[in-house]
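Notes follow once the structure below has been shown.
Here, each number is a calculation from the coordinates, and none is a lab measurement. Quick caveat, the model's predicted, so the values are computed rather than measured. Note that we place each Cβ from the backbone using ideal geometry, even for glycine, and neighbour counts take in every protein chain shown.
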Amino acid sequence: MSFDIGFMLRSVPILAEGLTTTLALALPAILLAAAWGVPIVVALMSKRRLLRAMAQAYVEVVRNTPVLVQMFFIFFGSGVLGFPLSGFVAGLIALVLQNGAYAAEIYRAGIQAVSHRQAEAGLALGLMPFAAFRIVVLPQALRKVIPPLSNQGVLIIKDTSLVATISVAELTFQARLLADRTAAVFEIFFALALFYIALTMFFSLVMRLAEVRLRIRQ
């Protein structure tokens, strides 16, 4: 069976119909997961034992269960509880909850990678603890966390394909529909792979530019 490049090219506009949904899911998931990681890392590094234990339990639960299982749990569980969520919203919540936990661990690693002496030097100069953290520790930690956050963003973009299982018409969903109608599975999923490669490479480039700009400004 030969590879029909002409059919692959003709499938691109149809697959592109799901691109808008993929982007509409991936972008807020990346931003919200990054934001959700902030209160989680604050709880993880809290001196309050109960708060720290709750945050650690949350991180362990969401990191040790597949995001697909979490999507099903939220999607079907919301219906059981009487307020059914759309597949898009359920998928978004699952992506944010899981990747927010990873973001929190990334933040914690970045903060802990900055020497305690840096903060102590800020305190010695008369800065208050929060000011020392914001002015001295945080800028150094940000430089360290951008690369792993970029990797996490790439994972989110790829994991958006899982929402096809709960009937969200994104890229993978459109590819499955087209494959069912034409049986040209190889050509269609080869084109689909190119879409995801382009998306992840563009995102990685943007994050790399942000990292370079941050280093220049500091």
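Annotations for the structure displayed:
- For trypsin sites (Lys or Arg not before Pro), the sites in the range 39-108 that DSSP calls loop and that have at most 12 other Cβ atoms within 10 Å are Lys47, Arg48.
- Listed candidates [x] 45, 42, 37; [y] 63, 33, 31; [z] 71, 47, 24 - label of the one calculated as Cα extents along the principal axes in Å: [z]
- Looking at the range 1-74, the chymotrypsin sites (Phe, Trp or Tyr not before Pro) that sit in a DSSP loop and have at most 11 other Cβ atoms within 10 Å of their own Cβ are Phe3.
- Added length on full extension, which subtracts the Cα-Cα distance from 0.36 nm per residue, Leu9 to Val69: 18.2 nm
- Listed peptides 18-27, 154-163 by packing density, highest first (mean Cβ within 10 Å): 154-163, 18-27
- Here the contact order of the chain, divided by its residue count and restricted to Cα pairs under 8 Å and six or more residues apart, works out to 30 percent.
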